[in-house]
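Remarks on the structure that follows.
The values are calculated or read from the model by the stated rules, or taken from the named source; none is laboratory data. None of these values were measured; they are calculated from a predicted model. Cβ coordinates were reconstructed from backbone atoms using ideal geometry, including for glycine residues, and neighbour counts include every protein chain displayed. Protein only, heavy atoms only, side chains kept; ligands, DNA and RNA dropped before computing areas. Shrake-Rupley method; radii C 1.70, N 1.55, O 1.52, S 1.80 Å.
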Amino acid sequence: MVTVQPAPAIPEQPQAPLLSKLFDPANRDDPYSVYTELRAAGPLHTAAFGLRVANRYADCAAVLGSQEWGHDREPHHLHPTIPASAFPASFLWMEPPDHTRLRGLVTKAFTARTVAALRPRITALVDELLDNALRAGEFDLIDTIAYPLPLTVVCEILGVPAADHPAVQVWSQALARAFDPDVLMTPQALAERNRAIPEFLGYFRELVSRRRREATGDDLITQLAAVEEAGDRLTEEELLGTCVTLIIAGHETTVNLVGNGMMALIRNPDQVALLRERRELIGPAVDELLRYDSPIHMNTRAAKRELVVGGEVFAPGEGIVALIACANRDPLVYDDPDRLDVTRFHTAKPIARHLSFSLGHHYCLGAPLALLEMELLLAGVLDRVADMELLTDTPPYKPNMLIRGLAELPVRFHAA
């Protein structure tokens, strides 16, 4: 078991200005300096949307890993402008027993064994995408590699036709933005979200109907449609919500893992050189990239009973935000946390698990798939790319706070 050092006593400081800085889009490119200030100012802060925000690893891990904190009240806490009936019936925002029942129906599609069987297809897709990148020489890594890799894979698992991938990407981007608190979103973003929800659900309603009529494929939608037909274990709304959840969770976060991770490596060529020398570090390197610049920066939970975090009492139903990316750089847990070190998780010594996949019964269902996709991409890059360079020092970020990643990453690849 990893021992987390106790936090030192910190004098009280004003909290509101720090959270204003954190949620300011102008600081989207570097929230980590703000995170450092937040940790120094105290373990809990109160955000504009009314929830207290935890920033230290020990508190975030305790909240995320405990079934005494639920995830079913996030729509109520962060998205009060949407009627509850408009939300997809997603297991993402459920607690046992419904969470257990729905997640159990799709888990087999994302087990380590099932994901391992996808290795040849992912390898071929990585080669195809690298072919395109190397032919171009200069390209946008987000558009050329980061989006098509995970989007193609999860769409093929579900059975979404290739011709529909572009539309699915547009809907998914709008809904990924919608995970941010309503009070932090522009009227335009809110309008795009409100349009995307019924359009996305309508698309999957038609696709499920088609798959039910055909009933010949081995894709996940066909399998889930058969379950829904068979009885009361899966309603139509639950089926539609599950499809939407798997699309968003199955690729939007991996897009950011690829973009954030590749930028971190390009900016740290010594770490790329180390990976070239020691290929056994590829797997641990992916975990370090997830810790260093997490695709998910925060998550919410709500107390199921009276609970205490950071010395403060939370009544039943009260929510808390766990700043995952901030906790991942807690110096009380990780040595030199602001340094990228691809050897960090390649050690026999106990080391705290990063929180980028969460913990407990809401641990990311797609973690094995995301890890394999990034590992195979890194292996392909090390094999086929001799040198990588950024074409800008200030690549633009998407406006998202919760699911944070680059909008563009202009790069140049030189073939090996």
Q | Counted residues, the range 367-410 - those being within 18 Å of the chain's Cα centre (by Cα), closer than 23 Å to PRO284 by Cα and not aliphatic (A, V, I, L, M) | A | 5
(Q) Return the residues of the range 317-353 that are open to solvent by less than 10 Å² (accessible area, probe 1.4 Å) and under 16 Å from LEU281 (Cβ atoms); say none if nothing qualifies. (A) LEU340, VAL342
Q) So how many residues does the range 96-118 have that are in contact (Cβ under 8 Å) with a residue 24 or more places away in the chain, open to solvent by less than 50 Å² (accessible area, probe 1.4 Å) and over 17 Å from VAL154 (Cβ atoms)? A) 2
Q) Restricting the range 207-224 to residues that are among the polar types (S, T, N, Q) and crowded, with 16+ Cβ neighbours inside 10 Å, which is nearest to ASP164 (Cα to Cα)? A) THR222
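Can you name the residue in the range 130-151 that is of a type in the set (A, V, I, L, M, F, W, C) and buried (at least 20 other Cβ atoms within 10 Å of the Cβ) and, of all such residues, is nearest to GLY70 (Cα to Cα)?
LEU151
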Q) Taking the range 338-377 as the search range and keeping residues that are in contact with a Gly (Cβ under 8 Å, 6 or more places away or on another chain), in a helix (DSSP H, G or I) and of a type in the set (A, V, I, L, M), which one is farthest from LEU246 (Cα to Cα)? A) MET374
Q.
Given the criterion at pLDDT below 95, crowded, with 18+ Cβ neighbours inside 10 Å and more than 25 Å from TRP69 (Cβ to Cβ), identify the matching residue among LEU289, LEU369, LEU378.
A. LEU369
Q | Subset tally (residues that are in a strand (DSSP E or B) and either open to solvent by 30 Å² or more (accessible area, probe 1.4 Å) or touching a Phe, Trp or Tyr at 6+ places or on another chain (Cβ under 6 Å) (or both)) for the range 40-68 | A | 2
Q) What about PRO83, is it farther than 30 Å from GLY250 by Cβ, at pLDDT below 70, surrounded by fewer than 17 Cβ atoms within 10 Å (Cβ to Cβ) and not aliphatic (A, V, I, L, M)? A) no
Q. Restricting the search to the range 161-183, which residues are closer than 22 Å to THR222 by Cβ, open to solvent by less than 10 Å² (accessible area, probe 1.4 Å) and more than 15 Å from the chain's Cα centre (by Cα)?
A. VAL168
Q: Tell me which of these ASN260 doesn't satisfy, since it passes every other one: (1) polar (S, T, N, Q); (2) open to solvent by 30 Å² or more (accessible area, probe 1.4 Å); (3) in a helix (DSSP H, G or I).
A: (2)
(Q) If VAL308 satisfies all but one of (1) in contact with a Leu (Cβ under 9 Å, 6 or more places away or on another chain); (2) surrounded by fewer than 20 Cβ atoms within 10 Å (Cβ to Cβ), what's the number of the condition it fails? (A) (1)
